[in-house]
1. With the requirement that a residue be out of contact with any helix residue (DSSP H, G or I) (no Cβ under 7 Å at 6 or more places or on another chain) and open to solvent by less than 10 Å² (accessible area, probe 1.4 Å), what does the stretch 229-258 give you?
2. Restricting to the stretch 204-214, and then to whatever is out of contact with any Gly (no Cβ under 9 Å at 6 or more places or on another chain) and assigned to a loop (DSSP other than H, G, I, E, B), can you tell me which residue is surrounded by the most Cβ atoms within 10 Å (Cβ to Cβ)?
3. In the stretch 74-117, which residue that is of a type in the set (S, T, N, Q) and surrounded by fewer than 21 Cβ atoms within 10 Å (Cβ to Cβ) is nearest to the chain's Cα centre (by Cα)?
4. Would you check which residues across the stretch 177-193 are free of Cβ contacts under 8 Å to residues at least 60 places away in the same chain and part of a helix (DSSP H, G or I) and list them?
5. Considering only residues that are surrounded by 23 or more Cβ atoms within 10 Å (Cβ to Cβ) and more than 24 Å from Leu415 (Cβ to Cβ), which ones fall in the stretch 118-150?
6. If the requirement is being surrounded by fewer than 17 Cβ atoms within 10 Å (Cβ to Cβ), farther than 21 Å from Pro84 by Cα and of a type outside the set (Val, Ile, Thr), which of these qualifies: Glu351, Glu395?
7. For the stretch 404-416, what are the residues that are in contact with a Ser or Thr (Cβ under 9 Å, 6 or more places away or on another chain) and either farther than 16 Å from Ser166 by Cβ or among the basic types (Lys, Arg) (or both)?
Amino acid sequence: MSVRFRSILNDSPEVGFREALMRGLAPDGALYVPNHIPKLPPEVLQHLSSFDLHSLSEQICSLFIDEIPSQKLGPLLQKAWNFPIPLVQLDENMYLLELFHGPTLAFKDVGARFMAHMMSAFLEQEEKDVTIVVATSGDTGSAVAHGFHNVPRIRVVVLYPSGKISRLQEQQMTTLGGNIVAVEVNGTFDDCQRMVKRALADEHLARQCNLTTANSINVGRLIPQVCYYVWGVAQLLKLDDRSSYSPTFVVPSGNFGNLTAGFYAKWMGTPIRTFVAATNANDVVPEYLTTGTFHPRVSVRTISNAMDVGDPSNLDRIQFLTGNDVDALRSHLQSLRISDEDTMEEIRYTEAEHAYVLDPHTAVGVRAARDLIGRKLIPSPVIVTSTAHHGKFPEVVSEALGKTYPVPAPLQKALQQPKQSIKIEPEFEVLQSLLSR
Ligand SMILES: *Cc1c(COP(=O)(O)O)cnc(C)c1O
């Protein structure tokens, strides 16, 4: 039985992957989740170490997506992921799954590029064009812009708050040109988000320009992330072919999309022992596991700012999977909060011990892993999902280590190119006329 996608609230009809991807949210306003988690076929599980990234991912995706024939899925995945996802060993017990080799040097490339190529394939079938409109406070915008750059039948309009994102982030979004339109809003991130929501809710406008969005609540970003968990285990087996290997995954978490994908991988039958969600000072999930009550809060600023989320939306999906039972959740998940000071110290320690430079997000994960291994609270081997390249965070890294590193080539290229943006006031009518052009 192939997977259908249902709304968590269950007030909307079940749909296939294509519609869930194109809609983003169900009509009742809730998140889409798979109506069941398919099992990996035994012949895949028994020969995990014989697959490469793309052939393994083709097997996984074909269980969730039946609207694209599997012989077309393979080439699509190769185009989307034209970069490696290597597993590197840090020490005897710990491995890093490097998810940051895509064009913007962060793991969001994995989901964004997959979505872009899937959407394009569906639009080709329908001979339709769409406009994707997104608001960004920095990182999501660049991953989406790069993911969809030069993808046929898609125009991307990214709104960002003028003067409120880093120069690196701005250059990554505003130098692409072509089908990417960067809109610099004279206002805040909340202004940007409000305008985008209003555009999506404006029936006339949405129909006129086939508007959709590509933010992280889209289930189309989770399915591709399931693949790299299975791929991480496959690589561990390749390095040391003990068929009994069942690693613990430590996941630096903010909106909990990455961790949700890990849970799906485990539910599919991937040998994974348990999970750790490592957070920064935005610790609503560690608190929830300790106290049993969930209190969303306004986020606070930290040095791992892509994880500054006070009300993680994907927690609903994890809760749904574990029957909204905190004890059931505890049997699969531990969660630890890591302070900025400890994050800095981990960047120093790992560089001194292993000559490896961590970005602040991955450092949160590595620190949590080291702490829990030291206290014998998690079994090894441990795989930490490494979510960004340190070159994206030069200020934090140079403060921690007292030295600077060359800017990675893709970022250097963006820094050298001329910025192209459209400056607008935070008024819906301005966005409206810009979109209908
Ligand atoms: C978005 C992001 C995270 C958090 O991932 P979630 O899926 O939101 O939990 C962690 N690290 C980096 C570098 C990110 O960009």
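The values are calculated or read from the model by the stated rules, or taken from the named source; none is laboratory data. What you see is a predicted model; the values in this text were computed from it and never measured. Heads up, the Cβs are rebuilt from the backbone with ideal geometry, glycines too, and the neighbour counts pull from every protein chain shown. With ligands, DNA and RNA removed, areas are computed over all heavy atoms of the protein, side chains included. Shrake-Rupley method; radii C 1.70, N 1.55, O 1.52, S 1.80 Å.
1. Within the stretch 229-258, Gly232, Leu236, Thr248 meet the criteria.
2. Let us first name the residues in the stretch 204-214 that are out of contact with any Gly (no Cβ under 9 Å at 6 or more places or on another chain), namely 204-211.
The next check asks that each one be assigned to a loop (DSSP other than H, G, I, E, B); those that pass are 209-210.
Values: Cys209: 19, Asn210: 16.
Here the answer is Cys209.
3. We begin by selecting, within the stretch 74-117, every residue of a type in the set (S, T, N, Q); these are 78, 82, 89, 93, 104.
Filter again for surrounded by fewer than 21 Cβ atoms within 10 Å (Cβ to Cβ), leaving 78, 82, 89, 93.
On the way: Gln78: 18, Asn82: 17, Gln89: 23, Asn93: 25 Å.
Looking at residues that are of a type in the set (S, T, N, Q) and surrounded by fewer than 21 Cβ atoms within 10 Å (Cβ to Cβ), I get Asn82.
4. Phe189, Asp190, Gln193
5. Met118, Met119, Ile132, Val133
6. On the way: Glu351 fails: surrounded by fewer than 17 Cβ atoms within 10 Å (Cβ to Cβ).
Being surrounded by fewer than 17 Cβ atoms within 10 Å (Cβ to Cβ), farther than 21 Å from Pro84 by Cα and of a type outside the set (Val, Ile, Thr) holds for just one of Glu351, Glu395, which is Glu395.
7. Quick first cut of the stretch 404-416, residues in contact with a Ser or Thr (Cβ under 9 Å, 6 or more places away or on another chain) only: 404-405, 410-411, 413-416.
Within the stretch 404-416, Tyr405, Lys413, Gln416 qualify.
Conditions tested, residue by residue: (1) within 16 Å of the ligand (Cβ to nearest atom); (2) outside any helix (DSSP H, G or I); (3) on the phi > 0 side of the Ramachandran plot.
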| residue | (1), (2), (3) |
| --- | --- |
| Ala277 | yes, yes, no |
| Thr302 | yes, yes, no |
| Ala306 | yes, no, no |
| Pro312 | yes, yes, no |
| Gln319 | yes, no, no |
| Glu341 | no, no, no |
| Pro379 | no, yes, no |
